[in-house]
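What follows is a short report on a single structure.
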Amino acid sequence: LGLTPKVGWLFHRIAALPPGARVLDVGCGTGGFLELMERANPAIETVGVDLGQPPQFLACGVFLRGSAERLPFTDNSFDLVACAHVLEHLHDPEPCLRELMRVCRPGGTVYIETPSPRSAWMPLFSTFWDDPTLVRPYSQVGLCRLLEIAGAERIRSGVKTSLPAVLFGLPYLPIGVLTGDRQAKAMFAIYAFGFSVWAGAVKPPRS
């Protein structure tokens, strides 16, 4: 987690949240992303949602089972809603985007992240198409347009890279190639070449 690149735009907004602000991670897995958010602002309340029950939940908050296309929350329930590495599994991402916007309060933050087109052609490493559950990668422009369609405002985007992760992952690269360790092979490529892209926005205030 310490080497995971943190999107400055997102974590500045997390750090600025008031005590008791509610944060949701849709497709949370084991809760590692939420744990990073809790470290950035220990005063927030976190909730994670995923289809399956993880073997362990790392975050301090609540875990619920649920679908990204039908979130088990009322409208305007959260100050910040994140959804990382979910949209690329969906044939139609718009229902998920509508749900993210629905449960986010007016003026709150919506953050999405997916593999980039670069993830489909990385040489010598595990590529996007090695996972049969994935449908398509997204570009920064594509993610921004999804947020525009969903009615978001003040949209920002970027590519995730990390120099510390590159320096740490490079020594493990030959080990991964020789042993077939996908984690060791992927670490350097993911953070050196920009495997993931992100986009964030603000839900418009009530008219």
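If you go through the stretch 44-59 and keep only what is under 27 Å from Pro18 (Cα atoms), surrounded by fewer than 19 Cβ atoms within 10 Å (Cβ to Cβ) and touching a strand residue (DSSP E or B) at 6+ places or on another chain (Cβ under 7 Å), you end up with just Glu45. Of all the listed residues (Pro171, Pro164), the sole one being open to solvent by 20 Å² or more (accessible area, probe 1.4 Å), of a type outside the set (Asp, Glu) and modelled with pLDDT of 65 or more is Pro171. Scanning the stretch 43-77 for residues that are in a loop (DSSP other than H, G, I, E, B) and within 23 Å of Val202 (Cα to Cα) turns up Ala43, Ile44, Ala68, Glu69, Leu71, Pro72, Phe73, Thr74, Asp75, Asn76, Ser77. Of everything listed in (1) without any contact (Cβ under 8 Å) to a residue 40 or more places away in the chain; (2) part of a strand (DSSP E or B), the single unmet condition for Pro95 is (2).
Identify, please: which residue in the stretch 95-135 is among the acidic types (Asp, Glu) and over 30 Å from Ala43 (Cβ atoms) and is, among those, most open to solvent (accessible area, probe 1.4 Å)? Result: Asp130. Applying the criterion of being of a type in the set (Phe, Trp, Tyr) and within 29 Å of Ser77 (Cα to Cα) to the residues of the stretch 95-142, the residue that is farthest from the chain's Cα centre (by Cα) is Tyr138.
So, of the residues in the stretch 146-161 that are in a helix (DSSP H, G or I) and touching a strand residue (DSSP E or B) at 6+ places or on another chain (Cβ under 9 Å), which turns out to be least open to solvent (accessible area, probe 1.4 Å)? Result: Leu147.
Candidates are the residues of the stretch 18-43 that are small (Gly, Ala, Ser) and either without any contact (Cβ under 8 Å) to a residue 24 or more places away in the chain or over 20 Å from Glu99 (Cβ atoms) (or both); the one that is least open to solvent (accessible area, probe 1.4 Å) is Gly32. Out of the residues in the stretch 65-94 meeting the condition of being of a type in the set (A, V, I, L, M), under 28 Å from Asp131 (Cα atoms) and within 16 Å of the chain's Cα centre (by Cα), tell me which one is surrounded by the fewest Cβ atoms within 10 Å (Cβ to Cβ). The extreme case among them is Leu90. Answer yes or no: is there a residue in the stretch 1-17 that is surrounded by fewer than 21 Cβ atoms within 10 Å (Cβ to Cβ), hydroxyl-bearing (Ser, Thr, Tyr) and closer than 28 Å to Arg154 by Cα. Looking for residues that are surrounded by fewer than 21 Cβ atoms within 10 Å (Cβ to Cβ), hydroxyl-bearing (Ser, Thr, Tyr) and closer than 28 Å to Arg154 by Cα, one finds at least one in the stretch 1-17, hence yes.
The values are calculated or read from the model by the stated rules, or taken from the named source; none is laboratory data. Keep in mind it's a predicted model, so treat the numbers as computed, not measured. Cβ: placed from backbone, ideal geometry, glycine included. Neighbour counts: every protein chain shown. Protein only, heavy atoms only, side chains kept; ligands, DNA and RNA dropped before computing areas. Shrake-Rupley method; radii C 1.70, N 1.55, O 1.52, S 1.80 Å.
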